[in-house]
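Peer 1: A single structure is presented below for examination.
What follows draws every value from the coordinates through simple rules; no lab data is involved. Remember, it's a predicted structure, so these values are computed and weren't measured experimentally. Because the Cβ atoms are built from the backbone with ideal geometry, glycine has one as well, and the counts that use them run over all protein chains shown.
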There are 2 protein chains.
Amino acid sequence: MANGVNEFGLIDDITQALGDSATAPWVHVGIGDDAAVMRPRPGFDAVASIDTLVADVHFPMSAPADLIGYRALMVSLSDLAAMAALPRYALVALTLPELGSQISPQWVQQLAQGMAMAAEETGTALCGGNLTRGALSISVSVHGEVEQGQAKLRSSGEPGQRLFVTGALGGAAACLRQQQHLPVAPDALSAMQNAYYRPQARFDCRRDIQAASCAIDISDGLLQDLNHVLKASGCGADLRAAAIPLAAGASLEDALSGGDDYQLLFASAESVATGVCIGELSSELGLRLDGKDVEIHGYQHFSA
Amino acid sequence: MANGVNEFGLIDDITQALGDSATAPWVHVGIGDDAAVMRPRPGFDAVASIDTLVADVHFPMSAPADLIGYRALMVSLSDLAAMAALPRYALVALTLPELGSQISPQWVQQLAQGMAMAAEETGTALCGGNLTRGALSISVSVHGEVEQGQAKLRSSGEPGQRLFVTGALGGAAACLRQQQHLPVAPDALSAMQNAYYRPQARFDCRRDIQAASCAIDISDGLLQDLNHVLKASGCGADLRAAAIPLAAGASLEDALSGGDDYQLLFASAESVATGVCIGELSSELGLRLDGKDVEIHGYQHFSA
């Protein structure tokens, strides 16, 4: 390997790039032992999810490494936000090809810096990980906490409740569809590039999610993720096309079936501070847009 | 994809193969929502580690899938055992190539069955995961608990304490060196194959690990992992070659520098129930075998 960098040297580089984001008051043992040790908050449940992002499937390998890192942590954290949880820590398993011109030690440091930025913005400690050799991919295990018994599920929606999304949809899908994702200048992202590379885990909407009956993050497209809620809750839904907030450059189809939005979808009988109402849950099974039955198209990793 | 199997169908297959191993009394929300929800035990710290196993780097792609799955969970859990933690749950991120003749839905089910066996043997709940498309690899995030403040670190060894290992070393390395790992019949593993495919996370040694001053799991070879302890503890060590327990078919070199053993190495001033004494920690820095300085060779994922 170039420059005699070895696994442990690379781990030192990463740890340095992470800086303060590797620690938090609840982390008692961080990077450098067999495992990390955290002190749970009394009265809270642990909430945990894992995601893998594969190069040239979930991100373009030639994108700036800091954007790849930022996005990898944020899209994983979004699952915690959808449970009404607060983030606490994350573990990152990084699989890297042989280091060379494309993936250099500097690239790895930039990746870590991007993750550190997302970690700092959300209050997440990047307190452990793993480094191994293989095709480039990033697995992120994210961990949060929620008041005991208060995790928000997909399965508690009820007919008559209004459906909300936490923000504009379709921006990331539009970015990919219009091939705006490359080239990209990290310091001057267009609105569309921002939607793709800098999704925000919506912890800022936590009060509305706590008051909601059910919630899910929109990672695979509005219709497909709403359909998960409908199946789990045993009800149907009516959506109004004109009410669906579209991101800059996005078509209705981008918003309905495009992935990578990472906004939250929730149903609520309460008044809402942060969401845009897009329709209602219904006792009539099925999913209708402006009164017409719709077919579900969304991102499937293994579709036929 | 063959048979119209899609991502959600495959997840259903996996969930079915996991059976009871997907749940435990402390798991309040398991597979099927944005994240899993666990109830921590009061007075305990959370212990967490992540590992990735890449096909044809960490396991032969053509090995029986149940052995791959069993081994993937066990080697990950070993990090928890080294911290004196008890296992609670694991999340699995599975990256699969396009399903076909080599990786079929049945292969995936067998992988899950192997993981379920390791989960049942250790009392671990496989309560969440992720499925994505890419080169075959398995990332496992493992989570345990330990009495508050009682996690066992690498850094607390002291000169004069005896060094122990929890079992015979070098078996897995010998299996690979002698190319005994393939072909393999799952129901009739040789002792060497057993060492490679069925490592045991040594939770059964927990009392000795709790009473130890420091501990580490031997995943990258005895010398290299001992060296981590020495650096973290700021001391040296003297080993006796004749005292190092060798697995069936293993040479001393396999035991010293071969990876994949997943036995625990610990130092203790106490009398010990489960370990074999192989030497002592010393105030004289460096690592000596029968009085002679030794160079460290071990498994490095990114060595030059």
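Peer 1: What order, most packed first, do the peptides A:17-29, B:276-288, B:36-48 have when packing is the mean number of other Cβ atoms within 10 Å of each residue? Write down the numbers at each step before the final one.
Peer 2: Working: A:17-29: 18.0, B:276-288: 16.5, B:36-48: 21.7.
My ranking of the peptides, most packed first, is B:36-48, A:17-29, B:276-288.
Peer 1: Okay, next question. Tell me the label-point distance for the pair A:R288, B:D56, using the 7 Å Cα-to-Cβ offset, in nm and rounded to one decimal.
Peer 2: 5.4
Peer 1: If the cut-off is a Cα-Cα distance under 30 Å, which lysines reach B:K292, setting aside same-chain residues fewer than 8 apart in sequence?
Peer 2: Hits, sequence-local ones excluded: B:K152, B:K231.
Peer 1: At A:E98 and A:A248, where each label point lies 7 Å from the Cα along Cα→Cβ, what is the point-to-point distance in nanometres?
Peer 2: Between A:E98 and A:A248, the label points sit 4.3 nm apart.
Peer 1: Provide the percentage of antiparallel DSSP beta bridges, counting only those with both residues in the protein assembly as shown; round to the nearest 5.
Peer 2: Numbers: 88 of 114 bridges.
Close to 75 percent.
Peer 1: Okay, next question. State, to one decimal in nm², a quarter of the convex hull surface area for the C-alpha atoms of segment B:162-293, i.e. the direction-averaged projected area. Let's see the in-between values first.
Peer 2: Details: hull surface 31.1 nm².
One quarter of the hull surface, i.e. the mean projection, equals 7.8 nm².
Peer 1: Could I ask something else about it? Separation between the B:Q16 and A:Q148 pseudo-spin-labels, each 7 Å from Cα along Cα→Cβ, expressed in nm?
Peer 2: With each label point 7 Å from Cα toward Cβ, the separation is 3.7 nm.
Peer 1: Got a sec? How would A:I216, B:I50 order by Cβ neighbour count within 10 Å, fewest to most? Each step should come with its number before you reach the end.
Peer 2: Numbers: A:I216 25, B:I50 28.
Placing the least packed residue first, the sequence is A:I216, B:I50.
Peer 1: Using a Gaussian network for chain B with springs between C-alpha atoms less than 10 Å apart, which of these wobbles most: B:S190, B:S141, B:S219?
Peer 2: Comparing B:S190, B:S141, B:S219 in the GNM, the peak value goes to B:S190.
Peer 1: In terms of the Cα gyration tensor, with a ≥ b ≥ c the square roots of its eigenvalues, is chain A rounded because a/c is under 1.5, prolate because a/b exceeds b/c, or oblate?
Peer 2: On the way: a/c = 2.37, a/b = 1.49, b/c = 1.59.
Oblate.
Peer 1: Please report the relative contact order for chain B, taking Cα pairs under 8 Å with a sequence separation of at least 6, and give it as a percent rounded to a whole number. Intermediate values should be presented prior to the final figure.
Peer 2: Numbers: 705 pairs, mean separation 66.6, N = 304.
For chain B, the relative contact order is 22 percent.
Peer 1: Quick check: the distance between the Cα centres of segment A:161-232 and segment A:18-54, to the nearest angstrom?
Peer 2: Each part reduced to its Cα centre gives a spacing of 25 Å.
Peer 1: Name the most mobile residue of B:V146, B:V184, B:V75, meaning the one with the largest mean-square fluctuation, in a Gaussian network model of chain B with Cα contacts below 10 Å.
Peer 2: B:V184
Peer 1: Quick check on chain B: of the DSSP beta bridges with both residues there, what percent are antiparallel, nearest 5%?
Peer 2: Values: 41 of 54 bridges.
Antiparallel bridges: around 75 percent, rounded to the nearest 5.
Peer 1: Which whole-number percentage describes the relative contact order of segment A:162-293, with Cα contacts under 8 Å and a sequence gap of 6 or more?
Peer 2: Details: 278 pairs, mean separation 58.7, N = 132.
This gives 44 percent for segment A:162-293.
Peer 1: Taking amide H positions as placed 1.01 Å from N in the peptide plane, with prolines and chain starts having none, which residues 5 or more places from A:S213, or on another chain, fall under 5 Å of its amide H?
Peer 2: When sequence neighbours closer than 5 places are left aside, the close amide H contacts are A:A267, A:S268, A:A269.
Peer 1: If you don't mind, there's one more thing I want to ask. If you build a Gaussian network model of chain A, linking Cα atoms that sit under 10 Å apart, which residue out of A:D12, A:D260, A:D238 swings the most?
Peer 2: Top of the fluctuation ranking is A:D12.
Peer 1: Of all the Cα-Cα pairs you can form in the protein assembly as shown, what percent are over 31 Å apart? Walk me through the numbers on the way to the answer.
Peer 2: Details: 91513 of 184528 pairs.
Distances greater than 31 Å cover 50 percent of the Cα pairs.
Peer 1: Where does helix B:222-233 land angle-wise versus the long Cα axis of chain B, in degrees 0 to 90, nearest 10?
Peer 2: On a 0 to 90 degree scale, this one is about 70.
Peer 1: Follow-up question, since we're still on this one. Quick one: of the DSSP bridges fully inside segment B:162-293, what percent are antiparallel, nearest 5? Can you show the working numbers first?
Peer 2: On the way: 19 of 23 bridges.
Antiparallel: roughly 85 percent of the beta bridges in segment B:162-293.
Peer 1: Can you tell me the mean projection area, over all orientations, of the convex hull of segment B:71-210's alpha carbons? Units nm², please. Display every interim value, and only then the final one.
Peer 2: On the way: hull surface 42.5 nm².
About 10.6 nm², averaged over all directions.
Peer 1: How shielded is A:139-148 by partner chains, expressed as the average number of their Cβ atoms within 10 Å of its Cβ atoms? Write out the running numbers ahead of the final one.
Peer 2: On the way: counts 14, 5, 13, 3, 7, 2, 3, 2, 0, 4.
Going residue by residue through A:139-148 and averaging, the value is 5.
Peer 1: On a 0 to 90 degree scale, rounded to 10, what angle separates helix B:7-18 from the longest Cα axis of chain B?
Peer 2: On a 0 to 90 degree scale, this one is about 60.
Peer 1: Determine, from the Cβ-Cβ distance of B:F8 and A:R39 and an R0 of 30 Å, the FRET efficiency 1/(1 + (r/R0)^6), rounded to the nearest 0.05.
Peer 2: 0.25
Peer 1: Also: Tell me what chain A gives for mean residue ellipticity at 222 nm when only DSSP H runs of n ≥ 4 count, each as -39,500 (n - 2.57), the sum divided by the residue total, rounded to 500 deg cm²/dmol.
Peer 2: -8500 deg cm²/dmol
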